[in-house]
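See below for the structure under consideration.
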Amino acid sequence: MDHSAKSDDNKAKYEVTKDSNGVQQVLLRNPRGASVKVSLFGGQVVSWKKENGEELLFTSSKANFKPPMAVRGGIPICFPQFGNRGILEQHGFARNRMWIIDENPPPLHPNDSKGKSFVDLLFTPSEEDLKRWNHSFEFRLRVALDFDGYLTMISRVRNINCKPFSFSIAYHTYFSISDISEVRVEGLETLDYLDNLQQKERFTEQGDALTFESEIDRVYLSSEDVIAVLDHEKKQTFVIRKEGLPDVVVWNPWEKKSRAIADLGDEEYKQMLCVDGAAIENPINLKPGEEWTGRLELSVVAST
């Protein structure tokens, strides 16, 4: 397969711009007018818009876009650690490092690029990173937008070390919603979860759908690969499909915690809900030379 022809063909499908801080961003569009914007800082999707221009991801009005701060909103990638479950800073370092565009990535399944606008990004640890987390790896991320406006993120993490290592990962997706009291999440019923508000204690979900009346910070374990976030007021449903990501994080800081978060407006918790495809409870182990692939597909459909 002629890589150069393939990558040139795709170059027409994305354009590289810069944000106000000079950070490169990649803009993907589909023929219907939907779009996705990815920042090379953190390999972070910062915008996902429907054909009519409606933004589907929440970004705080107080978000800091100046590196090295991670941006509050969009889809930050928590890697190689989730939260404070390890020796690294909160959520690891991948979300506040510069990534590069990978012009000649190893091939994926042909369907992963067919008819899609996509970009491949690459992140490898710096010497500074290796001092704190001494494992060499290549993290490849493909962000793709298809004809129907579906956003797909495919991660490939390869161990290029001479010793095994393990990592956690989460796509910390901030969905833009009408009002937190109007939203419910389906697909988590009867699952066990770890409650981060109660020292990571384990509970079992009793409800047939998750609704919100107070702060929530949970890791649902071994979930089905399809989760739905229903927004009654907007009459639309986010559908999350995932592979290689057994866990689901659900987070909303609610009123009190929002006031304590500098880069989040006091009332903005009402317009956001984080539902992440993740691998947290059982970290992924990679032997030397091994590669892990995880996949997240987000779509939005009309609902009654």
Any idea how many residues of the stretch 128-157 are under 20 Å from GLY86 (Cβ atoms) and either at pLDDT below 95 or not hydroxyl-bearing (Ser, Thr, Tyr) (or both)? 11
Please go through the stretch 294-303 and pick out each residue that is surrounded by 14 or more Cβ atoms within 10 Å (Cβ to Cβ) and in a strand (DSSP E or B). GLY294, ARG295, LEU296, GLU297, LEU298, SER299, VAL300
Can you tell me how many residues within the stretch 265-304 are among the small types (Gly, Ala, Ser), more than 20 Å from the chain's Cα centre (by Cα) and farther than 24 Å from SER60 by Cβ? 3
What are the residues in the stretch 247-296 that are hydrophobic (A, V, I, L, M, F, W, C) and within 23 Å of ARG142 (Cβ to Cβ), if any? VAL248, VAL249, CYS274, VAL275, ALA278, ALA279, ILE280, ILE284, LEU286, TRP292, LEU296
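Results for (1) out of contact with any strand residue (DSSP E or B) (no Cβ under 6 Å at 6 or more places or on another chain); (2) among the aliphatic types (A, V, I, L, M); (3) not in a strand (DSSP E or B), shown as yes or no for each residue.
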{"residue": "VAL249", "(1), (2), (3)": "no, yes, no"}
{"residue": "ASP266", "(1), (2), (3)": "yes, no, yes"}
{"residue": "LEU273", "(1), (2), (3)": "no, yes, no"}
{"residue": "ASP276", "(1), (2), (3)": "no, no, no"}
Could you tell me which numbered condition PHE82 fails, if it satisfies all but one of (1) among the aromatic types (Phe, Trp, Tyr); (2) surrounded by 22 or more Cβ atoms within 10 Å (Cβ to Cβ); (3) modelled with pLDDT of 95 or more? (3)
State whether the residues of the stretch 266-277 include one that is touching a residue at least 24 places away in the same chain (Cβ under 8 Å), farther than 19 Å from VAL71 by Cα and either basic (Lys, Arg) or touching a Pro at 6+ places or on another chain (Cβ under 7 Å) (or both). no
What's the number of the condition GLU243 fails, among (1) more than 29 Å from LYS62 (Cα to Cα); (2) touching a Phe, Trp or Tyr at 6+ places or on another chain (Cβ under 8 Å); (3) of a type outside the set (A, V, I, L, M); (4) surrounded by fewer than 18 Cβ atoms within 10 Å (Cβ to Cβ)? (2)
Cβ-Cβ below 6 Å, separation at least six or inter-chain, first residue in the stretch 120-145 and without any contact (Cβ under 8 Å) to a residue 24 or more places away in the chain and aliphatic (A, V, I, L, M), second part of a strand (DSSP E or B) and surrounded by fewer than 17 Cβ atoms within 10 Å (Cβ to Cβ): which pairs? LEU122/ILE100
For the stretch 262-272, indicate whether the set of residues that are closer than 30 Å to LYS163 by Cβ and surrounded by fewer than 17 Cβ atoms within 10 Å (Cβ to Cβ) is non-empty. no
Of the numbered conditions (1) at pLDDT 95 or above; (2) of a type outside the set (Ser, Thr, Tyr); (3) within 30 Å of PRO125 (Cβ to Cβ); (4) out of contact with any Asp or Glu (no Cβ under 7 Å at 6 or more places or on another chain), CYS162 satisfies every one except a single condition; which is it? (1)
Return yes or no: is ARG85 in contact with a strand residue (DSSP E or B) (Cβ under 8 Å, 6 or more places away or on another chain), farther than 18 Å from LYS49 by Cα, assigned to a strand (DSSP E or B) and not small (Gly, Ala, Ser)? no
Checking HIS91, HIS135 in turn, the sole residue that is closer than 22 Å to VAL249 by Cα, touching a Pro at 6+ places or on another chain (Cβ under 8 Å) and assigned to a loop (DSSP other than H, G, I, E, B) turns out to be HIS91
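The values are calculated or read from the model by the stated rules, or taken from the named source; none is laboratory data. Quick caveat, the model's predicted, so the values are computed rather than measured. Cβ coordinates were reconstructed from backbone atoms using ideal geometry, including for glycine residues, and neighbour counts include every protein chain displayed.
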